[in-house]
1. On the given criteria, is A:Leu222 hydrophobic (A, V, I, L, M, F, W, C), under 26 Å from A:Ala78 (Cα atoms), at pLDDT 95 or above and buried (at least 24 other Cβ atoms within 10 Å of the Cβ)?
2. Please work out if B:Leu166 is touching a Ser or Thr at 6+ places or on another chain (Cβ under 8 Å) and either buried (at least 21 other Cβ atoms within 10 Å of the Cβ) or of a type outside the set (Asp, Glu) (or both).
3. Taking A:Ser133 and the conditions (1) within 11 Å of chain B (Cβ to nearest Cβ); (2) buried (at least 19 other Cβ atoms within 10 Å of the Cβ), which numbered condition does it fall short on, given that it satisfies the others?
4. Could you please find all residues in the stretch A:160-186 being within 14 Å of chain B (Cβ to nearest Cβ) and either assigned to a loop (DSSP other than H, G, I, E, B) or within 22 Å of A:Pro89 (Cα to Cα) (or both)?
5. Which residue out of B:Leu22, B:Leu41 is facing another protein chain (nearest Cβ under 7 Å), surrounded by fewer than 22 Cβ atoms within 10 Å (Cβ to Cβ) and not small (Gly, Ala, Ser)?
6. Scanning for something closer than 30 Å to A:Ala183 by Cβ, of a type outside the set (A, V, I, L, M) and free of Cβ contacts under 8 Å to residues at least 12 places away in the same chain, does the stretch A:256-273 turn up at least one residue?
7. Of everything in the stretch A:187-209 that's small (Gly, Ala, Ser), out of contact with any helix residue (DSSP H, G or I) (no Cβ under 6 Å at 6 or more places or on another chain) and not in a loop (DSSP other than H, G, I, E, B), which residue is farthest from the other protein chains (Cβ to nearest Cβ)?
8. Do the conditions hold for B:Leu242, that is, is it within 26 Å of B:Tyr72 (Cβ to Cβ), surrounded by 13 or more Cβ atoms within 10 Å (Cβ to Cβ) and among the aliphatic types (A, V, I, L, M)?
Number of protein chains: 2
Amino acid sequence: MTRSSHTSLRGGPEFDAVRALLARWGDAARDVGDDAAVLELPRGDSLVASVDATIEQHHFRQGWLTPREIGYRAAVAAVSDLAAMAATPRAMLVALALPDHWRRDIDAIADGLGEAALEYAIPIVGGNITAASELSLTLTVLGTARDAVRRAGLGAGDSLWVTGMLGGPGAALRALVNGSDPAPDHRERFARPRARVHEARWLAAEGVTAGIDVSDGLASDLAQLAAASGVVIEVELERLPLARGVTAEQALESGEEYELIVGSRGDLDVAAFRERFGIPLTRIGRAHRGSADVVLTRAGARVANPPGYDHLSR
Amino acid sequence: MTRSSHTSLRGGPEFDAVRALLARWGDAARDVGDDAAVLELPRGDSLVASVDATIEQHHFRQGWLTPREIGYRAAVAAVSDLAAMAATPRAMLVALALPDHWRRDIDAIADGLGEAALEYAIPIVGGNITAASELSLTLTVLGTARDAVRRAGLGAGDSLWVTGMLGGPGAALRALVNGSDPAPDHRERFARPRARVHEARWLAAEGVTAGIDVSDGLASDLAQLAAASGVVIEVELERLPLARGVTAEQALESGEEYELIVGSRGDLDVAAFRERFGIPLTRIGRAHRGSADVVLTRAGARVANPPGYDHLSR
């Protein structure tokens, strides 16, 4: 953990902030005394690495989340990218840009980061703290995998599956944007998301062909999967596992779910999955030969894609 | 490479920006189509990881550097943390927070990042781009090392060495802060720093006992080394290798040098070093038993530490 070091503009309090963070993190952090962290990885595994940023105003507004939730949620969002690859979390690097008006919240933000680090067994091994005009948390997550699950593996005929129930974060966000209180269950899904790390490894062991996490929204993330794999994905809307009070159309657009979408050649044991993880695993459609696209059907008939949906014209 | 994904607040242009960056980077980037990058590392090596942030206003001001220099310099600063550990660069993750008023400069910033990625053989393997109110570049660098050089290895009796000439970046920064034009050679050291990756590996092969890069300034970074190793470091000011027109006192405070400080039990072959790398390697002092501190001498007599110097009271 270093403070950012730039001669003329440097301030005093950053070293103090680093010490405060390390004290706060306790067992959630380790080995932060050098210019870089040194990690031993299991032999034969690949390294899996991702970075994710959460920025005030652009990703959340003050008052929507507690500082602890901001920290927790930022870490879970980053860890979810490891889950999407079925990687085992190994280490996290935390880059904090901290405006003066957030300084009194640093302990709570750190607690949220530390809680996620302990919960997902992903120790904070390094980082950077700088002054800034807006709060941002940029989290690098490092994991390992023997056989990472990629976006590009989906084949024609594969079934598509999704974990959990969809639509809660989107419903919470609609309420917040409208200035009303979200339903507690929707807010919980928004403020305290789960990264499906263990679920992903179970699914990888079952031989899934491709995977992605639901971060932009089901429709958008399915489009990414379709594009990477070069297939048409057909989704039967009546199959979508919906959170209470949410329509299929709303669920398609609900982002920051951090549920997993996977493809499989054969069947998956949904009962065993629910028994093990306490959430459903639902077959929502399948992949077909054709140029990359997502097709939505209801009762066998095609319906229009959501308004915001980009037909991979890019 | 993903754009940051947050439902209600997301904008359209981020996907376009990602595509533009990837096109721009060409061979400097690879393997950015998944939720995370997958990397194969040499067996038996440790992973070395560090994150470094550069933020508008707090680390530089618009007009001091060209957008290309901002990108290049941010990458070199991050790579220098790998050099400090004598690690071999392997991969870089780029998190960009991009305000509207910087959008027209994204190509030039990307070119600077790409130039450094190619120069240091550290391909960009992933990243994140988000809207923001101020420009920030948060770079995660991943390297590998068989035996990483740490801060904590310095022993009583070891000699202290520094690469290159000190004081240029500090002189440039003083001029810029005062609104005058820096001397071209000073500006070059400020705007186009070098990470001493190859020098570090040469020094590691010579069996150096500890190391750190000069990012906060020689006095401050020596203090870090003294604290980590639990020794007194004595520096003979008349030995400091000074950039043209710079005093020893100024050199002590000049940050963002990205030169290396190393300790060694025995002598180092300064002629071979200069022959190989075209820069000097200079013995500047030695370590003594005692409680962690930095002591400055001139002609054998102790002189006061610089005003800003923190006597490790922390």
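The values are calculated or read from the model by the stated rules, or taken from the named source; none is laboratory data. Here the structure is a predicted model, which means the values were calculated and not measured. With ideal geometry, Cβ positions are generated from the backbone for all residues, glycine too; neighbour counts draw on all protein chains shown.
1. Details: hydrophobic (A, V, I, L, M, F, W, C): yes; under 26 Å from A:Ala78 (Cα atoms): yes; at pLDDT 95 or above: yes; buried (at least 24 other Cβ atoms within 10 Å of the Cβ): yes.
Yes, satisfied.
2. Values: touching a Ser or Thr at 6+ places or on another chain (Cβ under 8 Å): yes; either buried (at least 21 other Cβ atoms within 10 Å of the Cβ) or of a type outside the set (Asp, Glu) (or both): yes.
In short, yes.
3. Here A:Ser133 clears every test but (2).
4. The initial filter retains those residues of the stretch A:160-186 that are within 14 Å of chain B (Cβ to nearest Cβ), namely A:166-180, A:182, A:186.
If the condition is that a residue be within 14 Å of chain B (Cβ to nearest Cβ) and either assigned to a loop (DSSP other than H, G, I, E, B) or within 22 Å of A:Pro89 (Cα to Cα) (or both), then A:Gly167, A:Asn178, A:Gly179, A:Ser180, A:Pro182 are the ones that fit.
5. On the way: B:Leu22 fails: facing another protein chain (nearest Cβ under 7 Å).
It is B:Leu41.
6. From the stretch A:256-273, those closer than 30 Å to A:Ala183 by Cβ are A:256-262, A:270-271, A:273; that's our starting set.
Still in the list and also of a type outside the set (A, V, I, L, M): A:256-259, A:273.
With the extra rule that they be free of Cβ contacts under 8 Å to residues at least 12 places away in the same chain, the set shrinks to none.
No, every residue in the stretch A:256-273 fails to be closer than 30 Å to A:Ala183 by Cβ, of a type outside the set (A, V, I, L, M) and free of Cβ contacts under 8 Å to residues at least 12 places away in the same chain.
7. Of all residues in the stretch A:187-209, those small (Gly, Ala, Ser) come to A:191, A:195, A:200, A:204-205, A:207.
Still in the running and out of contact with any helix residue (DSSP H, G or I) (no Cβ under 6 Å at 6 or more places or on another chain): A:204-205, A:207.
This time we only want the ones that are not in a loop (DSSP other than H, G, I, E, B), so: A:204-205.
On the way: A:Ala204: 13, A:Ala205: 18 Å.
The qualifying residue farthest from the other protein chains (Cβ to nearest Cβ) is A:Ala205.
8. Details: within 26 Å of B:Tyr72 (Cβ to Cβ): yes; surrounded by 13 or more Cβ atoms within 10 Å (Cβ to Cβ): yes; among the aliphatic types (A, V, I, L, M): yes.
Yes, satisfied.
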